[in-house]
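Notes follow the structure.
All of the numbers you see were taken from the coordinates with simple rules; none came from a lab. Everything numeric here is computed off the predicted structure, so don't read it as measured data. With ideal geometry, Cβ positions are generated from the backbone for all residues, glycine too; neighbour counts draw on all protein chains shown.
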Amino acid sequence: MFYLKEIYSSIYKKFKEKNFSSPHIETELILTKSLNLTKEYIYTYPQILLSKRQIKYINKNLLYRLNHKPIAYIFKNKEFFGLNFYVDENVLIPRQETEFLVEEAINLIKTKNLYKISDIGTGSGNIIISVIKNLDLSCNKYKFYATDISNKVIDVAKKNAKYHNLNAKIKFLLTDKLKYFIDNNLKLDIILSNPPYVSEKEYKNLQQEIYYEPKLALVSYTGLEFYEHFAFYGKKVLSTNGHFVLEINSNLLNKIIFLFEKNKYEIVKVVNDYQNLPRVIIIKNSYGKVHNRRWNKT
Ligand code: GLN
């Protein structure tokens, strides 16, 4: 048996030795999540004794983390938009900046009366589930679709939908990009997506944690493939008043604007993230009526 404070110091030392940038935060996370305790509890009761079993579990998690496995994969859980999501290495870990996309989507759906809603490349299902949780479903007009190209990913999204009591509300589709909607001549009012937008070149220089995540969810060759597909097929799939709300690679903003304007869409808005980088773009299907309005930088 060991005191919590002894375990705390030994974990802290290991993170420090391995040059982790925030050893205190790392230690807190390992301890709070392994023991299911709050941060406050850990600092208030340093004298509690930990059992052999608890220490074994802590050490197992610590070892993963020292090898840079993301906390979300170690504990198979991530909070997004105030909701809990199950995650494993089949899916991307939901990012805080994607919450901007969800917020914009909810506003747009409510103010423009959009009802046929899809999330392309749903991953854990974080986007579509967070959107639905913030809509009034009593009108019975909504239809929700979530797509992905991998069965394993769809299983994770379904698991989360079930956890949030939404499994009967979402139609899960195993399909590539907009293929299902093109093939079935189905119109959508809003297409949401956080597509793989890291280019192969950029992928070489990322922090170690990222390499635990599925490359397919992060990378496309130039970072633009999905946007090119959306710009082209959106004309067929989107309704007259249809919109895209897409997360983007800030380095590619100008290329994306050019691509959609060239294809006769209207750029409605670009939203910056916490680092003040362009992160979300709202695009309207204008059917030729392009006003050449400049986007409002927010
Ligand atoms: N929709 C998920 C997310 O935003 C997964 C996106 C992806 O796999 N590219 O986190």
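With the contact rule set at Cα under 8 Å and sequence spacing of 6 or more, what percent relative contact order holds for region 21-158?
RCO, region 21-158: 18 percent.
To check my understanding: the extent here is largest minus smallest coordinate of the Cα atoms along each principal axis. What are those three numbers for the chain, in Å, largest first?
71, 42, 33
What is the sum of charges around Phe226, taking Lys and Arg as +1, Asp and Glu as -1, for the other residues whose C-beta is under 14 Å from the C-beta of Phe226?
Values: positive: Lys177, Lys179, Lys255; negative: Asp119, Asp148, Asp176, Glu225, Glu228, Glu247.
The answer is -3.
Where a Cα-Cα gap under 19 Å defines reach, which aspartates and glutamates qualify for Lys179, not counting those fewer than 8 residues away within the same chain?
Here the aspartates and glutamates satisfying the reach criterion relative to Lys179 are Asp119, Asp148, Asp189, Glu225, Glu228.
Which pairs, out of Lys141/Lys171; Lys255/Lys284; Lys143/Lys255, put more than 24 Å between their alpha-carbon atoms?
Pairs exceeding 24 Å: Lys143/Lys255.
Apply the Karplus parameterisation 6.51 cos²θ - 1.76 cosθ + 1.60, with θ equal to phi minus 60°, to every residue of region 90-105 and state each ³J(HN,Hα) to the nearest whole Hz, in sequence, with x for glycine and proline.
7, 10, 5, 7, x, 9, 4, 5, 5, 4, 4, 4, 4, 4, 4, 4
If I take every Cα pair under 8 Å that is 6 or more residues apart in region 78-297, average their sequence separation and divide by the length, what percent do I get for the relative contact order? The partial results should precede the final answer.
Details: 414 pairs, mean separation 41.6, N = 220.
Computed over region 78-297, the figure is 19 percent.
For the Cα atoms of the chain, what angle does the longest principal axis make with the long axis of helix 225-237, in degrees from 0 to 90, nearest 10?
Computed tilt is about 40 degrees.
About the Cα centre, and with charges only on the beta carbon of Lys, Arg (+1) and Asp, Glu (-1), how big is the dipole of region 78-297? Nearest 20 debye, please.
Dipole of region 78-297, to the nearest 20 debye: 940 debye.
Kindly express, to the nearest 10 degrees and within the range 0 to 90, the angle between helix 151-163's C-alpha long axis and the longest C-alpha principal axis of the chain.
Helix 151-163 sits roughly 80 degrees off the main axis of the chain.
Under a Cβ-Cβ cut-off of 15 Å, what is the net charge of the residues other than Thr147 that fall near it, where Lys and Arg count +1 and Asp and Glu count -1?
With Lys, Arg at +1 and Asp, Glu at -1, the net is +2.
Of Lys162/Lys262; Lys112/Lys133; Lys133/Lys269; Lys116/Lys262, which sit over 30 Å apart, Cα to Cα? Spell out each step's value before the answer.
On the way: Lys162/Lys262 41 Å; Lys112/Lys133 18 Å; Lys133/Lys269 24 Å; Lys116/Lys262 25 Å.
Result: Lys162/Lys262 exceed 30 Å.
State to the nearest 20 debye the size of the charge dipole of region 2-67 about its Cα centre, where the only charges are +1 on K and R beta carbons and -1 on D and E beta carbons. Please report the intermediate quantities before stating the final value.
Working: 12 positive and 5 negative charges, 58 e Å.
Taking the Cα centre of region 2-67 as origin, the dipole is about 280 debye.
Straight distance only, please: which lysines reach the Cα of Lys60 with their own Cα at less than 21 Å, same-chain residues fewer than 8 apart left out?
Filter leaves Lys5, Lys13, Lys14, Lys16, Lys18, Lys33, Lys39, Lys52, Lys69, Lys76, Lys78.
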